[in-house]
Amino acid sequence: MNLRQLGEVTDNTYDQEHTCSENLFPTADRIVHCISSHDVKVDSWQLHNIHYATAEEVEIGEAEFEGEITYHSMIVINYCPFCGKNLNDHK
Ligand SMILES: [Zn+2]
């Protein structure tokens, strides 16, 4: 999922993503810079935790299809929890 698609799912707009090798699950834990949320201008780095359904979860009836987003949470952060970088330093 690219930043534009993530924006469509959340009705937000993101202009940057922080990636680093210390993050062992980069497709599940994404650090993005949000510039607009529901048409309101914002300026915040966010950690998104996204779970995509596995084939097993579809089989036991917990999801409709493989890859379906079945869990998504977000918290606003200032530092990368994986490498410790100050995210506001490199806007
Ligand atoms: Zn990092």
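The values are calculated or read from the model by the stated rules, or taken from the named source; none is laboratory data. Just so it is clear, the structure is predicted and the values come from calculations on it, not from any experiment. Please note: Cβ atoms are built from the backbone with ideal geometry, for glycine as well, and neighbour counts cover all protein chains shown. Note: accessible area is taken over every heavy atom of the protein model, side chains too, but ligands, DNA and RNA are not part of it. Shrake-Rupley method; radii C 1.70, N 1.55, O 1.52, S 1.80 Å.
Below is a table of values for the structure above.
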read-out: Any hit, the stretch 71-86, residues being assigned to a loop (DSSP other than H, G, I, E, B), touching a strand residue (DSSP E or B) at 6+ places or on another chain (Cβ under 6 Å) and under 18 Å from Glu8 (Cβ atoms); value: no
read-out: Positions within the stretch 36-68 being within 15 Å of Pro26 (Cα to Cα) and either in contact (Cβ under 8 Å) with a residue 24 or more places away in the chain or open to solvent by 70 Å² or more (accessible area, probe 1.4 Å) (or both), in sequence order; value: Gln46, Leu47, His48, Asn49, Ile50, Tyr52
read-out: Asn23 being surrounded by 12 or more Cβ atoms within 10 Å (Cβ to Cβ), modelled with pLDDT under 95 and over 11 Å from the mean Cα position of the chain (by Cα); value: no
read-out: Considering residues of the stretch 1-20 that are without any contact (Cβ under 8 Å) to a residue 24 or more places away in the chain and out of contact with any helix residue (DSSP H, G or I) (no Cβ under 9 Å at 6 or more places or on another chain) only, the residue most open to solvent (accessible area, probe 1.4 Å); value: Arg4
